[in-house]
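Visitor: One structure coming up, written as structure tokens, with questions to follow.
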């Protein structure tokens, strides 16, 4: 537990108890002062939660539970204001928690790794039930796992963003690689993990290319899955930038290339419980080519729809890019 956050939470609890005491004594002045300080503390707590990158689903669940407890306390102590306020907050928080945890969660695209399909500033709806329902803020499945399919645009936490993940978790087949390949992967993975890892991980969005049991071979921009080469059809090529229609299992999407990784070669045999993911912007994507596989335990959901685009604070939000994600 973060020391600063713990101190803020304890201070908020003390303020809550004081507010109850002043309310029971009908001391409106001190009650209002305490209420104002608690509101300001709440803002600081929320800021600290975002700084620490805590799971917001878990935060909402805890807030819902606290609202329910406060409702009960208000009923027992016969404080009508506390009872009514807590009751209304409880139902609002419960609705938000259920929608966000079990239906759809909004997610903003932060990078160009999925260009041209997903642009920086796109807000997408992530289907939280596509791969099975999880208890909010945890990896505990409430329903049976629905495995991702090739071509899915999945949201997940890659292994290098989790500080307690080992290189073997990212590449269980590390021992089968040559010494040079394994050393290259280890040095790259450990550097990425040192630079980017957090206790709760960071959400990435990429396209699933390989599922458990697949043999995936990449030579430049050409990809073979289980010996079958993916069909590529050039759409346009301007100033070194090429847009290519790629087909996986009879599903098509558009990828972008700049001719920078033409000679890069990779080969994977995807282990059970793991998935291979690559960005559509093939020359500007930090993906499985660098950090290995992502685990089904870190799945968040499937990116289904673009519902809003807001490129920067200097622009107005627009719905012009609203569409289903291919």
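Read-outs: derived from the displayed coordinates by stated rules, not from any lab. Just so it is clear, the structure is predicted and the values come from calculations on it, not from any experiment. Cβ sites come from the backbone with ideal geometry, for glycine too, and all protein chains shown count toward neighbours.
Visitor: Using Cβ counts within 10 Å as a stand-in for footprinting exposure, how do 189, 123 rank, fewest first?
Guide: Sorted ascending by nearby Cβ count, the order is 123, 189.
Visitor: Based only on other Cβ atoms within 10 Å, what is the fewest-to-most ordering of 285, 111?
Guide: 111, 285
Visitor: Sticking with this structure for a sec: Go ahead and run the numbers for FRET between residue 39 and residue 108, Cβ-Cβ distance against an R0 of 30 Å, rounding to 0.05.
Guide: Here the calculated transfer efficiency is 0.65.
Visitor: Can I ask one more? For the range 151-212 and the range 290-326, compute the distance between their C-alpha centroids and round to whole Å.
Guide: Centre-to-centre (Cα) distance: 21 Å.
Visitor: Mind running the shape call on the range 1-90? Use the C-alpha gyration tensor, a ≥ b ≥ c as the square roots of the eigenvalues: rounded below 1.5 for a/c, prolate if a/b tops b/c, oblate otherwise.
Guide: Details: a/c = 2.53, a/b = 1.48, b/c = 1.71.
Cα axes put the range 1-90 in the oblate bin.
Visitor: May I pose another question? R0 = 45 Å: FRET efficiency of residue 146 with residue 85, Cβ-based, nearest 0.05?
Guide: 0.70
Visitor: Right, here's the next one. Of 79, 300, 209, which has the largest mean-square fluctuation in a 10 Å C-alpha GNM of the chain?
Guide: Per the Cα network of the chain with a 10 Å cutoff, 79 tops the list.
Visitor: So, one more: So what's the gap between the Cα centers of the range 252-267 and the range 129-147, to the nearest angstrom?
Guide: So the separation of the two Cα centres works out to 33 Å.
Visitor: Highest GNM mean-square fluctuation, the chain, Cα pairs closer than 10 Å: which of 266, 232, 160?
Guide: In the Gaussian network model the winner is 266.
Visitor: Okay, next question. Roughly how tilted is helix 3-24, in degrees to the nearest 10 and between 0 and 90, from the longest Cα axis of the chain?
Guide: Rounded to the nearest ten degrees, it is 30.
Visitor: With a ≥ b ≥ c the root eigenvalues of the C-alpha gyration tensor of the range 104-324, is it rounded (a/c under 1.5), prolate (a/b larger than b/c) or oblate?
Guide: Values: a/c = 1.45, a/b = 1.08, b/c = 1.34.
Rounded.
Visitor: Taking only Cα atoms and a 10 Å spring cutoff, compute GNM fluctuations for the chain and point out the largest among 50, 102, 294.
Guide: Result: 50 has the largest fluctuation of those listed.
Visitor: Continuing with the same structure: Going by C-beta contacts inside 10 Å, put 88, 101 in order with the fewest on the left.
Guide: 88, 101
Visitor: Compute the long axis of helix 179-196 from its Cα atoms, compare it with the longest principal axis of the Cα atoms of the chain, and write down the angle in degrees, 0 to 90, nearest 10.
Guide: 30 degrees
Visitor: Note the full-extension length gain between residue 78 and residue 245 as 0.36 nm times their separation in residues minus their Cα-Cα distance, in nm to one decimal.
Guide: Details: separation 167, 0.36 × 167 = 60.12 nm, distance 6.58 nm.
Full extension from residue 78 to residue 245 adds 53.5 nm.
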